[in-house]
Each structure stands twice: as structure tokens, then as C-alpha cells.
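The values are calculated or read from the model by the stated rules, or taken from the named source; none is laboratory data. The structure displayed is predicted, hence computed values, not measured ones. As a convention, Cβ positions derive from the backbone with ideal geometry for all residues, glycine included, and neighbour counts pool all protein chains shown.
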Amino acid sequence: MPAIYAHKMFGERILSCLSRERFPEIFAQPDAFALGLHGPDVLFYYRPLQKNPVSDKGNAMHEASAAPFFTRARDIIKNTPQEQACRAYLYGFVCHFCLDSVCHPTVAELMARYSLTHTAVEAALERSMLLADGVSPTRAKLATHIQATSETIAAVSLVCGVTPAQAKKAIRSMRFYSGLLRAANPVKRFFVRGALRLAHKKSILDMMLLPTASPSYADIGEALSLKFTAALPKAKALLLNLRAFLDGTEALDGRLSTNYESEEQL
């Protein structure tokens with residue numbers, strides 16, 4: 001789910017309910033948590049105009065059960081110098097899983113109803129949330145919280161199984177392309193849209209938020225906003241479970257046996 005603002009705001013809503021005592025890693029490593037909120041999506045931004053193993057890994061992670069990912073991550077990060085940052089990153093990651101798994105079945109329904117791409121449906125939610133917050137969709141700087149620090153690079157590399165160089169490029173590209181797609185200047189927007197059409201990258205083209213939108217966008221935004229709210233209690237519960245799982249005191253919640261596309265167990 002490439003809707004950067006939606007995942008960011010979901011994380012902020014969750015963060016407002018968390019205590020520093022229970023989740024000290026999040027408060028000590030806010031950049032890692034903030035990046036984790038985007039889950040595997042960061043890998044999509046590694047050389048996004050061409051097929052490559054890193055972006056393919058992001059797609060595969062979305063389609064696979066989340067449980068093996070979190071189990072592997074726990075074993076990899078334990079007792080490493082980066083454990084604190086990686087835990088904060090994983091807490092953000094599970095929030096991403098919650099929002100995706102709750103919203104994506106509805107996204108699929110809306111795609112069929114309005115004959116839109118996945119990214120166009122998500123852009124409608126993005127637009128709705130920005131307008132509700134009094135922010136211009138074409139001028140918003142959505143990726144300022146995404147930082148390529150030594151901690152975030154290490155977290156992405158260790159947890160997602162890519163090299164530090166690949167992690168760094170993916171994070172920086174996420175910031176760059178987010179800014180490129182928020183083209184407030186109509187001339188710049190014309191050239192960006194033209195280049196994406198020539199490259200046959202409709203899924204990326206549909207991520208652009210334009211000055212005006214179809215009336216259907218309001219209906220889509222409303223439907224997904226309800227799912228956004230419904231995902232909050234699930235995220236809070238899974239955060240507590242993940243914390244206990246990483247501490248070795250609980251088994252992983254069965255809801256993590258689903259993937260990012262559906263709430264149905266695999």
C-alpha cells in the first residue's frame with residue numbers, strides 16, 4: 001500500500017496510545033519506527049522503473065504469510081548492536097501489516113467497482129485524508145519522516161534481507177519519488193506524467209495526486225477511512241503480542257498467519 005500519508009498517520013494514531021515504559025525502543029528510535037510504518041513498500045522504491053530482485057522481494061513479502069517474516073526477524077536481530085532500532089522498525093512494520101490486511105480486501109472491491117488500479121484507489125484515500133487535515137494534495141511533503149540513517153539502513157538490511165547499499169538507495173528513493181509525484185507546478189506535472197506514460201508505468205502514474213479528482217474519490221476515501229479506524233484496535237493488540245513474542249514470553253498471534261492482502265488465514 002504505497003499511500004505514504006495514510007500509513008504515517010496510522011502510526012501517529014497508534015503512537016499516541018503507547019507508553020514509553022512498554023515500548024521504549026519506539027521512543028528511542030523514532031526514525032526506525034516511522035520507516036517501519038511503510039513495511040515492505042520501501043523496497044518498491046528501489047529502481048522502481050525497472051524490474052529487479054529488491055522490488056520483487058517487496059511484492060513477495062506482501063503476498064506471503066507475515067508470521068515467518070517476524071519469526072525470522074526475531075532470530076536475526078537478537079543480541080545484535082542494532083536490536084533496539086530493529087525492534088522499533090518491527091513495531092512499525094506490524095502496524096503496516098494491520099492497515100494493509102484490513103484495507104486491501106476493500107481496495108480490491110473498489111478497484112472492480114470503479115475500474116481503477118490499486119494505486120489509484122489508495123491515492124483516493126490519501127487525497128481524502130490530506131484534505132480532511134487541511135493539506136494541499138499537490139503541495140504536501142509526505143516523506144519528511146523517512147530518513148536514511150545508520151539505524152534505519154541497518155534495520156531494513158537485517159530485517160528485509162537486502163544489502164545496506166540497497167536499503168540506503170531504497171529509503172532515499174522513497175523520499176525522492178514521493179516529492180517527484182507531488183508536482184504542484186503544472187509544467188513539472190505535465191512532464192512527469194508524460195515520462196511515466198512513455199515508460200508504461202501506470203501504477204506509478206496513478207499515485208500522483210492531481211488538483212482535481214473524480215467524484216468517485218470521495219466515496220472511496222470514505223469507505224477506506226472506515227477501514228482505517230477499524231484497523232486501530234487490531235494494531236494495538238498485535239503490537240502487544242509482538243513485544244511479548246520478541247521477549248520470548250508469548251507465541252505469535254495467529255492473525256499474523258495471513259498476508260498483507262487479506263485478513264483470511266492462509
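Looking only at segment 199-214, decide whether some residue is surrounded by 13 or more Cβ atoms within 10 Å (Cβ to Cβ), among the hydroxyl-bearing types (Ser, Thr, Tyr) and more than 30 Å from residue 23 (Cα to Cα).
Within segment 199-214, one or more residues are surrounded by 13 or more Cβ atoms within 10 Å (Cβ to Cβ), among the hydroxyl-bearing types (Ser, Thr, Tyr) and more than 30 Å from residue 23 (Cα to Cα).
Residue 197 is checked against (1) within 30 Å of residue 215 (Cβ to Cβ); (2) not in a helix (DSSP H, G or I); (3) not polar (S, T, N, Q) and fails just one. What number does that condition carry?
Going through (1) within 30 Å of residue 215 (Cβ to Cβ); (2) not in a helix (DSSP H, G or I); (3) not polar (S, T, N, Q) one by one, residue 197 breaks only (2).
Can you name the condition, by its number, that residue 196 falls short on among (1) crowded, with 19+ Cβ neighbours inside 10 Å; (2) touching a residue at least 40 places away in the same chain (Cβ under 8 Å)?
(2)
Among the aromatic types (Phe, Trp, Tyr), more than 22 Å from residue 74 (Cα to Cα) and under 18 Å from the mean Cα position of the chain (by Cα) - does that describe any residue in segment 242-263?
No, because not a single residue in segment 242-263 is among the aromatic types (Phe, Trp, Tyr), more than 22 Å from residue 74 (Cα to Cα) and under 18 Å from the mean Cα position of the chain (by Cα).
Residues are listed down the side, and each one gets a yes or a no for (1) in contact with a helix residue (DSSP H, G or I) (Cβ under 8 Å, 6 or more places away or on another chain); (2) of a type in the set (D, E, K, R):
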position: 61; (1), (2): yes, no
position: 67; (1), (2): yes, no
position: 72; (1), (2): no, yes
position: 79; (1), (2): no, no
position: 84; (1), (2): yes, no
position: 90; (1), (2): yes, no
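Find the residue count for segment 212-266, including only residues that are assigned to a helix (DSSP H, G or I), within 30 Å of residue 24 (Cβ to Cβ) and among the small types (Gly, Ala, Ser).
Result for segment 212-266: 7.
I'm checking my understanding of the structure. Among residues of segment 108-121 that are touching a helix residue (DSSP H, G or I) at 6+ places or on another chain (Cβ under 8 Å) and under 12 Å from residue 219 (Cα atoms), which one is surrounded by the fewest Cβ atoms within 10 Å (Cβ to Cβ)?
In this case the residue turns out to be 114.
Of the residues in segment 215-233, how many are loosely packed, with under 15 Cβ neighbours inside 10 Å, in contact (Cβ under 8 Å) with a residue 40 or more places away in the chain and not aliphatic (A, V, I, L, M)?
Qualifying residue count for the region: 1.
Looking at segment 111-125 only, could you name the residues that are among the charged types (D, E, K, R) and either modelled with pLDDT of 90 or more or not in a helix (DSSP H, G or I) (or both)?
113, the sole residue that qualifies.
Are any residues in segment 1-43 under 26 Å from residue 182 (Cα atoms) and basic (Lys, Arg), and if so, which ones?
The answer is 8, 13.
Can you name the condition, by its number, that residue 149 falls short on among (1) more than 17 Å from the chain's Cα centre (by Cα); (2) crowded, with 19+ Cβ neighbours inside 10 Å; (3) under 26 Å from residue 26 (Cα atoms); (4) not hydrophobic (A, V, I, L, M, F, W, C)?
So residue 149 meets the others, but not (2).
Among residues belonging to segment 161-190 that are polar (S, T, N, Q) and assigned to a helix (DSSP H, G or I), point out the one that is farthest from the chain's Cα centre (by Cα).
My answer is 166.
What pairs come out if I take residues in segment 95-114 that are farther than 15 Å from residue 225 by Cβ and free of Cβ contacts under 8 Å to residues at least 12 places away in the same chain and pair them with residues that are assigned to a helix (DSSP H, G or I) and hydrophobic (A, V, I, L, M, F, W, C) whose C-beta lies under 6 Å away, six or more apart or interchain?
Filtered contacts from segment 95-114: 111/121.
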